[in-house]
1. What's the angle, to the nearest 10 degrees (0 to 90), between helix 302-316's Cα axis and the longest principal axis of the chain?
2. Rounded to the nearest 0.05, what FRET efficiency do residue 37 and residue 143 give with R0 = 56 Å and r taken as the Cβ-Cβ distance? Could you check?
3. In nm, to one decimal, how far is the residue 280 label point from the residue 351 one, both placed 7 Å along Cα→Cβ?
4. Please list 322-331, 296-305 highest first by mean number of surrounding beta-carbon atoms within 10 Å per residue.
5. Helix 197-209 against the longest principal axis of the chain: what's the angle in degrees, Cα atoms only, rounded to the nearest 10?
6. Show that you can apply the helix-only estimate: for the chain, add -39,500 (n - 2.57) for every DSSP H stretch of four or more residues, divide by all residues, and state [θ] at 222 nm to the nearest 500.
7. In whole Å, what is the distance between the alpha-carbon centres of the range 127-204 and the range 24-47?
8. Return the distance in nm (one decimal) between the two label points of a simple spin-label model at residue 197 and residue 174, each offset 7 Å from Cα along Cα→Cβ.
Amino acid sequence: MTTMTPTRPLCLVAWLLLASPALAAPTLPGGIINDLQRLEQRLGQSEFDVVRERARSQAERLAGGNASDRWARALYLQLAASAEARLDAPLAAAAHLAEARSIRGVDRAQADRWLRQEAGLRLRAGQSERARALLGDWFTRHDGTSEEHWLMARLLAAESDWDGAARWVSRALASGGEPSEPRVRLAATVLQRAGDEGGALSLIERRLEGAGGDAETWRRAASLAQRLGEPGRAAAIWEAGWRRGVLSGVDDLGQRIRLHLAGGTPARAAELLATALESQSLPDDLDHRRLLAQAWQAARDHQRALVAWREVAKRSGEGDDWLRLGELAHGWGEWEAAVLALRRARELGEAEADAWLASLPGQEDGSEDGVAVGGPAGES
């Protein structure tokens, strides 16, 4: 059975399987059987409007009759639902099925089939709460397949019932089979919201077991880990894909560096970026130089960070970058580098530089003398 979603076209073969009128009970008059069969044929010929009007008219005519009339009426309502569904009127189709299953004398098994179909139609019509209630009723009498389990999980997630949704996700996963990408995303989100982050990440990693050389699957897995608030896991996934040769090229290299920076391994990001700039694997431009400085700063490698920020300031010529360098050097107690950077920032119009200079040893009087400038970060 194919799970219905609000954005996908209705699959009638799955949702509205027509009962064979010739085998229906109680016994129907020959004329009614022939009429039902003709309407079913016209439905197959895409004469949806004709089928809908005829089926509705016949259902109305048979209201209040005997057991045979009631059964025929139910089958006409089913045909009307089929036509409405194909005319993209899921709410009307659902209403016909609700009426059909409420008719006295319809057996429980048939009523439940219509109830299950009605739930899918109401979901398609945007009535997720009603669909969830119907499916919940259906589950009191049926175990269901993984399709129903995934559907129930999605309906509960739509109501932000994360614990309930997580139970149905677990049942769906236990049913076997490899879930589709949308279902993996749903399951990971549900498990994470329910507090089972380990389960969410295990699901991501399981997705990679059969990925092989499919680079897009690795990219999606890393992206999913990011959305779950696990940048370190995203970086680890990307790194594994890179080392296997699945991920490659300039764009993937850039993302590899950014993920290491976001994932708590900034020194590794800086090393990769420095090597890429040296080998010209990435353009040696201001943006990459700024990223390199940020990486060394995040790694708290004082000397490399100061050298990198000084290179950024020299290339940009902006007072704000010199001020940033001066503030950073000041915070790390690198007085020589701080003096040079703050003086340059002041020359470029950064008024805040005076206050920072005044707080440096030997600079309280605002003189140009005091701390000597030297070292690799303070070279002119």
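1. The answer is roughly 90 degrees.
2. Values: r = 34 Å, r/R0 = 0.60.
The calculated FRET efficiency here is 0.95.
3. 4.6 nm
4. Values: 322-331: 22.1, 296-305: 18.5.
In decreasing order of mean packing, 322-331, 296-305 become 322-331, 296-305.
5. 80 degrees
6. Details: 20 runs with 260 residues, N = 380.
Dividing the helical sum by the residues of the chain leaves -21500 deg cm²/dmol.
7. 38 Å
8. For the pair residue 197/residue 174, the computed spacing is 2.6 nm.
Taken together, the values in this text are just the output of simple stated rules run on the coordinates, not laboratory data. Bear in mind that the values here come from a model prediction, so they are computed numbers and not experimental data. In this analysis, Cβ positions are derived from the backbone assuming ideal geometry, glycine residues included, and neighbour counts consider all displayed protein chains.
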